[in-house]
1. Could you list, in sequence order, the residues of segment 43-67 that are within 21 Å of Val108 (Cα to Cα), out of contact with any Leu (no Cβ under 9 Å at 6 or more places or on another chain) and of a type outside the set (D, E, K, R)?
2. Which residues, counting only those in segment 161-182, are at pLDDT 85 or above and either in a helix (DSSP H, G or I) or within 26 Å of the chain's Cα centre (by Cα) (or both)?
3. Of the residues that sit in segment 219-243 and are at pLDDT 80 or above and in a helix (DSSP H, G or I), which one is nearest to Arg144 (Cα to Cα)?
4. Going by the conditions given, is Arg114 of a type in the set (Lys, Arg), surrounded by fewer than 14 Cβ atoms within 10 Å (Cβ to Cβ) and outside the structural domain of Tyr200 (by TED's automatic domain parsing)?
5. Return a yes/no flag: does segment 141-151 have any residue that is outside any strand (DSSP E or B) and surrounded by 16 or more Cβ atoms within 10 Å (Cβ to Cβ).
6. Yes or no: Leu21 out of contact with any Cys (no Cβ under 8 Å at 6 or more places or on another chain), exposed (fewer than 12 other Cβ atoms within 10 Å of the Cβ) and outside the structural domain of Leu102 (by TED's automatic domain parsing)?
7. Only residues in segment 191-207 that are assigned by TED's automatic domain parsing to the domain that holds Leu161 and part of a strand (DSSP E or B) count as the first member; pair them with residues that are of a type in the set (D, E, K, R) and buried (at least 20 other Cβ atoms within 10 Å of the Cβ), Cβ under 9 angstrom, at least 6 apart or cross-chain, and list the lot.
8. Looking at this structure, is Ser127 in contact with a Leu (Cβ under 7 Å, 6 or more places away or on another chain) and surrounded by fewer than 17 Cβ atoms within 10 Å (Cβ to Cβ)?
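The values are calculated or read from the model by the stated rules, or taken from the named source; none is laboratory data. For clarity, every value in this text was computed on a predicted model and none was experimentally measured. Counting neighbours? That spans all protein chains shown, and the Cβs are built from the backbone with ideal geometry, glycine included.
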Amino acid sequence: MFHEYDLNKNSTLDETETAALNASLFWKVPRVGSNCITDTEYGGIPPVIFLLTSLETLHLDFQAITAVPVHMCRLQNLKLLSVCNNPLLESLPGSLGHLPSLKTLKLVSNPSLRTPPHEVVSRGFMSIKAYLKRLAGGFTECRRTKLMFVGLGGAGKTSLLRALMSGKKKTAGTSAEDITDGIQIQPWTVRTSDDIEVTYSTWDFAGQTLYYNTHQFFLSKRAVYLLLWSTRQGFEHAGLEFWLSSVASHAPKTPIFVVGTHCDQY
């Protein structure tokens, strides 16, 4: 199989070739859920599992399940549930937070997981359980998200943000003294034509290479990205590949709008 995925025949697999090999291996090895990934009721988990009402420990690691269904709540004696390294897993039910005996819930390395979000998972079991309980109790619609401005220094990120937030949607631009230092965060509320307010938490990232190593820690999946580049430089020198790769690695499947600036000076 190695030679099959060594496309350039250099006896070494690069990142793309390794990812293709891993994807192929994932489906070649028998896994729970691999034959029913469209199963919305049980998430690919065999229904017989939920009849084992005396079950106390359940490991569903390295499988092809897409969700942990509400049927899991039948296992009232379950003390430990491990669902780690499941690349297709997207959600857990809120009712899972009410399992009376559950003391350990392992959710490591599930890249597609959205509920609960990774920010909650990183805080440990008690935070996950509290989140799921609140989810089970209902929800209030929240129209808030992050709006991330990224790109090289001088691309016009701060100028664009100021223009968007101004009443006339224009700005005089910035001077050298106004260069962004680190990350500047401020709220921006927009009223739609339906008189609905949407609030963005805008993150203006400094474009100097000095900050690149730290910026990656703030790239969030729950955000919209504006990647700015100066058309005066040409796309080859605009850092587009770097930023697109960074966002794709740390926040996969998030929307990215690529914005060309300085068109009037081209």
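1. Result: Phe62, single match.
2. Leu161, Arg162, Ala163, Leu164, Met165
3. Top of the filtered list is Trp243.
4. no
5. Scanning segment 141-151 turns up no residue that is outside any strand (DSSP E or B) and surrounded by 16 or more Cβ atoms within 10 Å (Cβ to Cβ).
6. For Leu21, the condition - out of contact with any Cys (no Cβ under 8 Å at 6 or more places or on another chain), exposed (fewer than 12 other Cβ atoms within 10 Å of the Cβ) and outside the structural domain of Leu102 (by TED's automatic domain parsing) - is not met.
7. Asp204/Lys157; Phe205/Lys157
8. For Ser127, the condition - in contact with a Leu (Cβ under 7 Å, 6 or more places away or on another chain) and surrounded by fewer than 17 Cβ atoms within 10 Å (Cβ to Cβ) - is not met.
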